[in-house]
Amino acid sequence: MINLKSLSKFTERFVSGHRLCPGCGAGIMARQVLMAVEKKSIVITSATGCLEVSTTVFPYTAWKDSFFHSAFANSAATCSGIESAYNSLKKKGKIKSEMKFIAFGGDGGTGDIGLQALSGALERQHNMLYICYNNEAYMNTGVQRSGLTPKGASTTTAPIGVFSQGKVQNSKDLTQIVAAHDIPYVAQSNIGHWHDFIRKVQKALSIKGPSFINVLTPCRLGWNYKSEYTMAIARLANETCIWPSYEVEKGIYKISINPNPKKPVIDFLKLQGRFKHLFKKDNIHIINKIQKDVDLKWNNLKKKERITAESI
Amino acid sequence: MIKTVYPTGKIVAKTGNEAIAEAMRQIEPDVVAAYPITPATEIMQIFSQFIADGIIGSEYIAVESEHSAMSATIAASAAGARAMTGTSSQGLAFMWEMLYIASGLRLPIVMAEVNRAISAPINIHGDHSDSMGTRDSGWIQLYSENSQEAYDNMIQAIRISEKAKLPVMVTTDGFVISHCMEVVEIYPDKDVKAFIGDYNPDRYLLDIKHPYTLGAIDLQDYYFEHRYQLSKAIEDSKNIILNVSKDFFNSFKRKYDFYEKYMLDDAEIAIVVIGSTAGTVKLVVKELRNKGIKAGLLKIRVYRPFPSKQIAKELASIKAIAIMDKSDSCSGAFAPIYSDIVASLYSNGIVKPKVLNCVYGLGGRDITIKQIINIYEILIKIASGIKYPTNIINYINVRK
């Protein structure tokens, strides 16, 4: 079990000198993952995106472990290739040590352009952990909407205009899409609750077969907030149930953190520039709709937890 | 499923796909990732059967797309495995961005590429549009005239790729080679294994004692040098290819070069062609020679790296040449092989030969003996001084 005391003695494997923004959630996410890994041998793959371009500016790297990037849509396929190479070389006795494989991708690289590769790799049951660091838009190219951008958020391709007020559609529920693959372990977490996220990474790495974590990773640039608010905003996403923390282990749902009291969504929205326009008088109905959608999804999640618990 | 395994070698009847699968069984790569596509599918079906029957210990990744096929092959290669794949046409097109990454990262991948036309309109038959579209992707390209050459090229490709640190595609004409049965000499397993040797990369991702970052972002300060190194590596691979051919001859008694000359040395007129059509052209050349006509053929085997200086020298004293392209570049000027050859001639100061470009066989349309004779007849006229336009493409056997 990891605690703050043990973490303080952790030898950094994701080191300083990278070029991520101050307050960037992705850097915090990477660091927490490598804390969770402890002393295990790993190979990391990443989709093209902020995390990759900012940490591997040739001839420098922020990664002490083997790190591989090739393209945008293929982090899962890439990780599956490395895992297969490992299985083959281990079978032939060329490699002796135990190793784990971690794939990173942003929300676009995982849930939009990389969804096919992810789905294929999950179905093939590779022994790997895929982590979607979800900052809810294409941040690396300058805050364009993705399929995982939430309703109402203003982005550069779903801007505020005369006819629309940010993104009109809901985000796709990637965690549920992955859960539908019936893989051994699926979880949703956020970097604000480090103990929750680290515990889930450790659990995922202890399981044989594919595992997946969708981790909410605030982006101070794209979400437009002061850089010191990253962790607070991440926690508010959880406390308002906009981003519930839960896991699906062998089909059984379990809510990891039950917010008490459950805060209204405006507490989360009001700190971020991307939602600022929603607080205009004419747009209050959008906030009301967001609240209604969140309530419905939260209640459904609680039902899933109850129903699947009965099947144990 | 036909399961034909000849561990001690044998002269047998095999289709191109079967011969390639047999080469892959003998090579026994660590990882293969592939996706079905006509007319290449059979290679992976046979290979999967070898694994299912426990004949080989390779890992087969049945990926969900060709993009993932090439991605997983690249990753397996970077991880330290001997990795292979195979595809055709739209599959190769779907791999496009990854092809450049395979060569840019200097990974020794070998791919069986069964040539097929590119959509639209959709067509499953053989032409060279697919691999010609990737001619500048940094891959070595070895073309085959028949199943034997395809089998031999696959075995040589392993050695070439690992020495040059470059990916290699071995191509066969869709259906004409891939699905036609021919006599192929399969060599004993032990001889093939001895020829290719073990694969021990200098640096690989799974080497936990020496972890490293691969695929970093390269900006204005380094990108150009790395691309220059790639260009240099392709140029340098020419010697590697020739050395591997020499070793191959010593082991298996079959001679390979950048190209094959057929009655070319004293020829006054010649055709340059790639792939299975060379067989038909040889027949025509023989007939013409019987009539006292000095016809010849140059069949290109190694298209990338392009043996520019050597080909220019071979063609220097020929009066009229027809370059037959089984693809159209849609450039508004000429097709790929023609452009390469004319540039090679001109840059070497050779301006005398009249050079004609003939585009043929798109979408698998047959090329007949009569049509090839017609081309030689045009060359005879040009050689004798009769004016014939050489600044346009001659489309062979198409309704205009």
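The values are calculated or read from the model by the stated rules, or taken from the named source; none is laboratory data. As the structure is a prediction and not an experimental result, all values here were calculated from the model. A quick note on method: Cβ atoms are made from the backbone with ideal geometry, for glycine too, and the neighbour counts reach across all protein chains shown.
Overview of results
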read-out	value
Which listed residue, of A:G192, A:G142, A:G147, is in a loop (DSSP other than H, G, I, E, B), at positive phi and not acidic (D, E)	A:G142
Residue list for the stretch A:116-144, filter: closer than 26 Å to A:P218 by Cα and surrounded by fewer than 20 Cβ atoms within 10 Å (Cβ to Cβ)	A:Q116, A:S119, A:T141, A:G142, A:Q144
Counted residues, the stretch A:81-98 - those being within 7 Å of another protein chain (Cβ to nearest Cβ) and either closer than 19 Å to A:K39 by Cα or within 26 Å of the chain's Cα centre (by Cα) (or both)	6
Members of the stretch B:68-82 that are of a type outside the set (S, T, Y) and under 23 Å from B:R116 (Cβ atoms)	B:A69, B:M70, B:A72, B:I74
Candidates B:Y388, B:Y395 - the one that is over 21 Å from B:E268 (Cβ atoms), surrounded by fewer than 21 Cβ atoms within 10 Å (Cβ to Cβ) and of a type in the set (F, W, Y)	B:Y395
Scan of the stretch A:207-234 for residues that are assigned to a helix (DSSP H, G or I) and not hydrophobic (A, V, I, L, M, F, W, C), ordered by number	A:S227, A:E228, A:Y229, A:T230
B:V244 out of contact with any Ser or Thr (no Cβ under 6 Å at 6 or more places or on another chain) and not assigned by TED's automatic domain parsing to the domain that holds B:Y151	no
Lone qualifier among A:V162, A:V168, A:V178 - being aliphatic (A, V, I, L, M), under 30 Å from A:K292 (Cβ atoms) and crowded, with 22+ Cβ neighbours inside 10 Å	A:V178
Search result, residues across the stretch A:243-270 that are surrounded by 22 or more Cβ atoms within 10 Å (Cβ to Cβ) and of a type in the set (A, V, I, L, M)	A:V248, A:V265, A:L269
Residue match in the stretch A:170-179 (condition: over 27 Å from A:S154 (Cα atoms), outside any loop (DSSP other than H, G, I, E, B) and out of contact with any Asp or Glu (no Cβ under 7 Å at 6 or more places or on another chain))	yes
Subset of the stretch A:71-85 [touching a residue at least 40 places away in the same chain (Cβ under 8 Å) and in contact with a Leu (Cβ under 9 Å, 6 or more places away or on another chain)]	A:A73, A:S75, A:A76, A:A77, A:C79
Of all residues in the stretch A:21-64 being touching a helix residue (DSSP H, G or I) at 6+ places or on another chain (Cβ under 9 Å), over 18 Å from A:S75 (Cβ atoms) and among the hydrophobic types (A, V, I, L, M, F, W, C), the one that is farthest from the other protein chains (Cβ to nearest Cβ)	A:I28
Selection count where residues are out of contact with any Pro (no Cβ under 7 Å at 6 or more places or on another chain), away from every other protein chain (no Cβ under 11 Å) and not aliphatic (A, V, I, L, M), scope the stretch B:72-93	5
Residue within the stretch B:221-237 that is farther than 28 Å from B:A79 by Cβ and of a type in the set (S, T, N, Q) present	no
Leading residue by the ranking (surrounded by the fewest Cβ atoms within 10 Å (Cβ to Cβ)) among those in the stretch B:335-361 that are more than 19 Å from B:I274 (Cβ to Cβ) and hydrophobic (A, V, I, L, M, F, W, C)	B:V351
Within the stretch B:191-206, considering residues that are free of Cβ contacts under 8 Å to residues at least 60 places away in the same chain and outside any loop (DSSP other than H, G, I, E, B), the one nearest to B:V114 (Cα to Cα)	B:F195
Top-ranked residue in the stretch A:70-80 [being among the aliphatic types (A, V, I, L, M) and closer than 24 Å to A:E98 by Cα; ranked as nearest to the other protein chains (Cβ to nearest Cβ)]	A:A77
